[in-house]
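Single-structure report; data block below.
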Amino acid sequence: MSFPPLPAQASAHAHDIDFVLGLEHWGMLALFVFFFGYFVYALVRFRRGAHPKADYTGMKSRWSVYVVLAIALAEGVLLVAYEMPAWRERVNGMPSPDEATVVRVVAEQFAWNVHYPGPDGRFGRTDVKLVAAENPLGLDRTDEAARDDVTAINQLTLPVNHPVLIHLTSKDVIHSFTIYEMRVKQDALPGADTPVWFVPTVTTAEMRQRLGKPDFEYEIACSQLCGLGHFRMRGFATIVTDGEYQAYLAAEARATVR
Ligand code: CUA
C-alpha cells in the first residue's frame, strides 16, 4: 500500500526515497494513533465524575518512560539504518561529467534558463554584463566554446536512462528546483553552483500512456516563495529517447541565431 500518496515515480532513485518516506509516515501514523488513543483513554478514565478528589501522588509505574525511550530508539534506527544510507547514496553516487548529460539551469524571477554545452561538451563563457532580455544567460557568443551552445527558457529536454547532472544556480533570489516525479528538489542559490543529479527512467510519452493523461508533462516547480510571480515560475522537463534528444539539440542549434 502506498502511503503517503505520492506522484508517480520516474527516476532511478525514486523508489528508495519513497521507501524512507513510507517508513517515516507509517511511524508518524502509529504515534498519532497511539497517543490520541491514550489521550481519549485518559479523558474517560480520569474524568471528574470518577475522581472528585485529585490524587496527588500520581502514577508510580515507569511504563511511560519506557514508551518514550522505545520511540527514541526506533527513530534512531530509522535515521541510521535507512535515512542516512539513502542520503549517502544521493551525495556519493554523483555521476562524472563524462557519463552524464550535463546542463546548466539558472533560475531567475520568474523563469528557468537552460544552457546546454552543445556538441563540443564545453559551456561557453557567460558574463553578467551581457545579460539582456534576449540573452537571459549573458552568453558570450563570440567565445569559441559558446558557438554551439543551446539555450532554452522553461524547457528542459533530457534523454531517458542516462544520468543527468544539472549545475544549478540563481541570478537573483533563492529559488528551488523541483521535479516531483524525479524526486528531485534543490535550492538554487545566487553565487553558488549546486549539482543536482538523477536518472530519468520513464519518458514523457510513456508516462502519458501509463497515467492515461495524453497532455501530461513533468513540471519544473519552484519550491521557494521567491516573489510575487512565484506561482507562475513553471517549467517543463521533457524526457525523450536518445534519438529524439539528439534531434532536439540539432534542431535547436540550427534555430540559434548567431
Ligand atoms: Cu522561484 Cu519561487
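Restricting attention to region 213-258, the residues being within 16 Å of the ligand (Cβ to nearest atom), part of a loop (DSSP other than H, G, I, E, B) and either among the small types (Gly, Ala, Ser) or more than 28 Å from ALA146 (Cα to Cα) (or both) number 7. Entry remark, region 232-249: residues being surrounded by 12 or more Cβ atoms within 10 Å (Cβ to Cβ) and more than 19 Å from VAL102 (Cα to Cα) number 2 in total. Given the structure, is ARG104 surrounded by 14 or more Cβ atoms within 10 Å (Cβ to Cβ), out of contact with any helix residue (DSSP H, G or I) (no Cβ under 8 Å at 6 or more places or on another chain) and part of a strand (DSSP E or B)? Yes, satisfied.
Within region 132-177, being within 16 Å of the ligand (Cβ to nearest atom), over 28 Å from ALA10 (Cα atoms) and either of a type in the set (Asp, Glu) or part of a strand (DSSP E or B) (or both) holds for one residue alone: ASP172. Any chance region 66-79 includes a residue that's under 35 Å from the mean Cα position of the chain (by Cα), under 28 Å from ALA12 (Cα atoms) and assigned to a loop (DSSP other than H, G, I, E, B)? The answer is no; no qualifying residue exists.
Being polar (S, T, N, Q), crowded, with 16+ Cβ neighbours inside 10 Å and either modelled with pLDDT of 95 or more or under 21 Å from VAL150 (Cβ atoms) (or both) is a description that applies to GLN186.
If we scan region 37-46, do we find a residue that is in a helix (DSSP H, G or I) and under 24 Å from ILE166 (Cβ atoms)? No, the conditions are met nowhere in region 37-46.
Counting residues in region 96-112 that are of a type in the set (Phe, Trp, Tyr) and under 30 Å from GLU252 (Cα atoms) gives one or more.
A count restricted to region 110-131 and to residues that are outside any loop (DSSP other than H, G, I, E, B) and aromatic (Phe, Trp, Tyr) stands at 2.
If you check ARG62, ARG90 for being out of contact with any Lys or Arg (no Cβ under 7 Å at 6 or more places or on another chain) and surrounded by fewer than 13 Cβ atoms within 10 Å (Cβ to Cβ), only one passes: ARG62. Scanning region 210-258 for residues that are of a type in the set (Val, Ile, Thr) and modelled with pLDDT of 90 or more turns up ILE220, THR238, ILE239, VAL240, THR241.
From the list LEU69, LEU78, LEU43, LEU73, the lone residue that is over 17 Å from GLN186 (Cα atoms), among the hydrophobic types (A, V, I, L, M, F, W, C) and touching a residue at least 40 places away in the same chain (Cβ under 8 Å) is LEU78. Among the residues making up region 184-207, those that are of a type in the set (A, V, I, L, M), in contact with a Ser or Thr (Cβ under 8 Å, 6 or more places away or on another chain) and either assigned to a helix (DSSP H, G or I) or within 16 Å of the ligand (Cβ to nearest atom) (or both) are VAL184, ALA188, LEU189, ALA192.
The values are calculated or read from the model by the stated rules, or taken from the named source; none is laboratory data. Note that the structure is predicted; figures quoted are calculated from it, not measured. Here Cβ is always computed from backbone atoms with ideal geometry, including for glycine, and neighbour counts include all displayed protein chains.
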